[in-house]
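The values are calculated or read from the model by the stated rules, or taken from the named source; none is laboratory data. All values reported here derive from a predicted model rather than from experimental measurement. Backbone-built Cβ (ideal geometry, glycine too); neighbour counts: all protein chains shown. With ligands, DNA and RNA removed, areas are computed over all heavy atoms of the protein, side chains included. Shrake-Rupley method; radii C 1.70, N 1.55, O 1.52, S 1.80 Å.
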Amino acid sequence: VQLQACGGGLVQPGGSLRLSCAVSGSIFSNNALGWYRRAPGKERELVAALSRGGIINYADFVKGRFTISRDNAKNMVSLQMNSLKPEDTAVYYCYVRLYGGTTYWGQGTQVTVSS
């Protein structure tokens, strides 16, 4: 099982980035997916989650700005991030959570929002 995240980088405030996470193996289908982030000096926090049943939840601080989606044909989960703010600066991690609770993580991709 491997999760490979990409798409991070440096962007100015107000800009956009799209993170993608390719999931290998057979765990992509019928499992919960999502993104967490960890900013310097802060605890890890949930950004967006897509449940097994297709229900989407966003953290309040990204509602209206971020959109999570999945591409079943490509075994990929993505996070479209618009109207980025300096406080969005963090390492972003994708995950897949199995029905029994086992969670697999991507390696993290750095997002820096700065002028």
- Task: Can you check what the net charge comes to around S51, using other residues whose Cβ is under 13 Å from the Cβ of S51 (Lys, Arg +1; Asp, Glu -1)?
- Result: +3
- the chain accessible area per residue, 1.4 Å probe, protein heavy atoms, integer Å², reads 52
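Hey, got the dipole for region 33-115? About the Cα centre, +1 on K and R Cβ, -1 on D and E Cβ, debye to the nearest 20? Write down the numbers at each step before the final one.
On the way: 11 positive and 6 negative charges, 29 e Å.
It comes to approximately 140 debye.
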- Note on the structure: Neighbours of V96 by Cβ distance under 13 Å: Lys/Arg at +1, Asp/Glu at -1, summed charge +3
- What percent does the relative contact order of the chain come to when contacts are Cα pairs within less than 8 Å and at least six residues apart? 37
- Message: Could you compute the net charge surrounding S78? Neighbours are other residues with a C-beta less than 12 Å from the C-beta of S78; K and R count +1, D and E count -1.
- Response: +2
- Once phi is turned into θ = phi - 60°, what whole-Hz ³J(HN,Hα) does the Karplus curve with 6.51, -1.76 and 1.60 give for every residue of region 90-102, x standing for Gly and Pro? 4, 8, 9, 10, 8, 8, 10, 10, 6, 4, x, x, 4
- Item | Isotropic mean projected area of the C-alpha convex hull, the chain (nm²) | 6.7
- Note on the structure: Cys residues of the chain with no disulfide-compatible partner (no other Cys Cβ under 4.7 Å) are C6
- Loop-located GluC sites (Glu not before Pro) in region 23-103 whose Cβ has at most 11 other Cβ within 10 Å (DSSP): E43
- Residue-span extension gain [R18 to L46] - 0.36 nm each, minus C-alpha spacing: 8.4 nm
